[in-house]
Each structure stands twice: as C-alpha cells, then as structure tokens.
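Some notes on the structure that comes next.
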Amino acid sequence: MDVRVGTSGWSYPSGNGRWNGIFYPASRSKRLGTAGFDELRFYASHFDTVEVNSTFYGQPRAEVTRGWAERTPTGFDFSLKLYQKFTHPKMFREAAQKGAPGAGGSLLDLLAAVTQADIDAFRDGVEPLASAGKLGAVLAQFPPSFKDSPASRDYLMKLLQAFGDYPLAVELRHRSWSDAIGDTLALLDAFGAAFVQIDEPKFRLSIRQNYLPNITSFYYMRLHGRNVAQWWHHDKSEDRYDYLYTGDELREFSMIAGAANTLVKKSYLYMNNHFAAKSVTNAVMVKAQLGQPLSGEYPPELVARYPEIAGLVTTSPAAFRL
C-alpha cells in the first residue's frame, strides 16, 4: 500500500508556531555540509514525502531543488506548490506593487499575466527532482475567490495543458466547483489531474467533497485543520493552522486514504496544520493508524508537548544531533 504521509513544509524557524525547540533544535548552525543541523535530512529520516510551500512565494531554482534531491534518500517524494502567479494573480499583483510602488495599473497587469517564460522557469526549477524520480506532484492551489465560470474554466484548462506532463493536483475551494461537480471532474479527468480532497472549516461557500479519487494514477489529500475561530480573523497567518486533530478525527482520513489507495497507484496525505509542529504529530498518528513503520528518533520535547504520540515513537535527546 503506497500511501505517503507527510507535512506541508518542513521549515518553520520563526513565529509563535515555530518548530525550533520542538521538532528541531532551538538554535543551531544553518551551514550545510558541516556539523550544522540539516532540517531536511532530519525530516526525511522520519517521513517519505513533503509538500513544498516555498515555491508558492518564488519560482523554484534548479540549484536548490538539486540540493533537495541530493539530501534525501531514494524513494523520497517532493510535491511542489505552483508559484502564486499561476493561481493567485491578485496576491502576485500586490507583491509586485510593493516591490515597485511607482508602477501603474497597466504595468502591474502586464507583470501579473502568465507568460511562457513563467512556465519554462517553473519547469526548469523542478527538473532536477523530476530527473531524480523525486517529483511527487505539482499542486495548483486556487484561492476561495476562484469561482467556476467560463473564464475560470478556460484558464484552468490552459494551466492543465501547460503542466500536463507532470502529476498535477488541483485544489479548488469555492462551492461553485462542487455545485457543477460533473463538469469539474470532466475537465480534471481529461488531463489526468487529481481533484485535491481537503479538510478545513466549512462555510456557506466552501467546496463540498466526497473524498473519492477521480483518477487512478494518484490520490491527493490535504488536512488544513479546523480552527474555525481564527480561519478568517487572526493576528498572524500562522494562527489559522493552530489546530491538533484528535485520533478519532484522523481515523476517518486514515481509513479514506487506505481505501482510496486500493483504487489508485499512489496516495499522498499532507498535514498543513503546521503551527508548533502539530502537523508532525498528526502525521505520526496517521502513519500509526495505517500500520506504517515510524522511522527515525524523535526529540523528547515533541512527545512532552504532544503526549498523543507517547508510546508510538522512539525518543532520544541525540535526535537533535542529526
């Protein structure tokens, strides 16, 4: 059963929800290739996949992704989020405006328009992972404001065409897409793209899903947490993901992922409730529920904070020295 369980991102060094001192040492050298602590190597000794968030904020660079491939074991999979220019043009436009405060509207519109050069840059950036057999999927995560319309469908089709030779997972969050589920799945199925199944607080216009796979090549699920109170109103964006799933809440998704995997070749389940390494804790719990081995040693600090995994993992103070 090839169900890959991991977290969304592996490096959270700052903020109230930082992983340092919980899953990673509180402080250490950031130099690689020396005695310094390597977060990715440590993470990859515990999980066999990770979802990369950093590529949403900047195009992936080949020299960086080549290093990722070299620092992880054979069989480790990276799923990379598409650059925000492809899925969040408004966010990209606002970022561009901050970088060039004197730019006018027409110039910003031109900057925000996706070009072939943008597509080529992303493809060049992920090529080292693809060549190493470590590219799990490419995630196109659209915002809740991306509604079903003829223009949206046309854009989505063009995006699917542009990246059609990669395993592509599409996360749609507005209810209009599930209200027309037949048309939505027909579009995704035509390009072999996985309809991302998500767990998050549900509101009136949130997408509705039945958690079934729509293609046979792979299955993709993301658990964002259920922090209803801070989902839309929070001091910092990390607060939205301050939620720890209970074992009973996770069991539903473990069963779904296991059942879905009888219909597909590979399944990915990523925990995005990253605040204070809660995603790490819940990923451990899911792996245990699936009967998967829990590799690597865990720092006692993690188990002390989250006793839910006591008895499931091996702890050692030396874990921080990897």
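The values are calculated or read from the model by the stated rules, or taken from the named source; none is laboratory data. In this text the structure is predicted, and so the values were computed from the model without any measurement. In this analysis, Cβ positions are derived from the backbone assuming ideal geometry, glycine residues included, and neighbour counts consider all displayed protein chains. These accessible areas exclude ligands, DNA and RNA; they are computed on the full protein's heavy atoms, side chains included. Shrake-Rupley method; radii C 1.70, N 1.55, O 1.52, S 1.80 Å.
Straightening the chain between Ala304 and Val64 buys 83.0 nm, computed as 0.36 nm per residue apart minus the Cα-Cα spacing. Given a 1.4 angstrom probe, I'd like the percentage of the accessible area of the chain that is carbon and sulfur, rounded to a whole number. Summing carbon and sulfur atoms, their accessible area is 54 percent of the total for the chain. Residue farthest toward the positive end of the dipole of the chain, with Cβ of Lys/Arg at +1 and Asp/Glu at -1: which of Tyr270, Leu244, Gly36? Checked the options; the winner is Gly36.
For Lys81, the aspartates and glutamates whose Cα comes closer than 16 Å to its Cα, not counting residues fewer than 8 places off in the same chain, are Glu51, Asp118, Asp120, Asp124, Glu127, Asp165, Glu171.
Near the amide H of Arg4, within less than 5 Å, lie the amide hydrogens of Ser267, Tyr268, Leu269, all on another chain or at least 5 residues away, with H placed in the peptide plane.
The label point for Met157 and the one for Ser176, both projected 7 Å from the Cα toward the Cβ, are 1.7 nm apart. Against the main long axis of the alpha-carbon atoms of the chain, helix 116-131 sits at an angle near 30°. Put the Cα centre of segment 186-257 next to the Cα centre of segment 112-151 and the gap is 20 Å. Taking amide H as placed 1.01 Å from N in the peptide plane, the amide H of Asp77 sits under 5 Å from that of Thr49, Val50, each at least 5 places away or on another chain. Extension gain for the segment Ile119 to Ala229, taken as residue separation times 0.36 nm less the Cα-Cα distance, is 35.9 nm to one decimal.
Quick one: which of Lys266/Lys287; Lys85/Lys158; Lys134/Lys265; Lys202/Lys287 span more than 23 angstrom between C-alpha atoms? In this structure, Lys202/Lys287 lie more than 23 Å apart at Cα.
Between the amide H of Val196 and those of Val170, Glu171, Leu172, distances stay under 5 Å, these residues lying 5 or more places away or on another chain, with hydrogens modeled in the peptide plane.
Using θ = phi - 60° in the Karplus curve 6.51 cos²θ - 1.76 cosθ + 1.60, the 3J(HN,Hα) couplings for segment 298-309 round to 10, x, x, 4, 5, 5, 5, 6, 10, x, 4, 9 Hz; x is entered for Gly and Pro.
Backbone geometry of segment 269-279 corresponds, through the Karplus equation with coefficients 6.51, -1.76 and 1.60 at θ = phi - 60°, to 3J(HN,Hα) couplings of 10, 10, 8, 9, 7, 7, 4, 6, 6, 5, 5 Hz, x marking Gly and Pro. For the chain, the solvent-accessible area of protein heavy atoms averages 44 Å² per residue (probe radius 1.4 Å; ligands and nucleic acids excluded).
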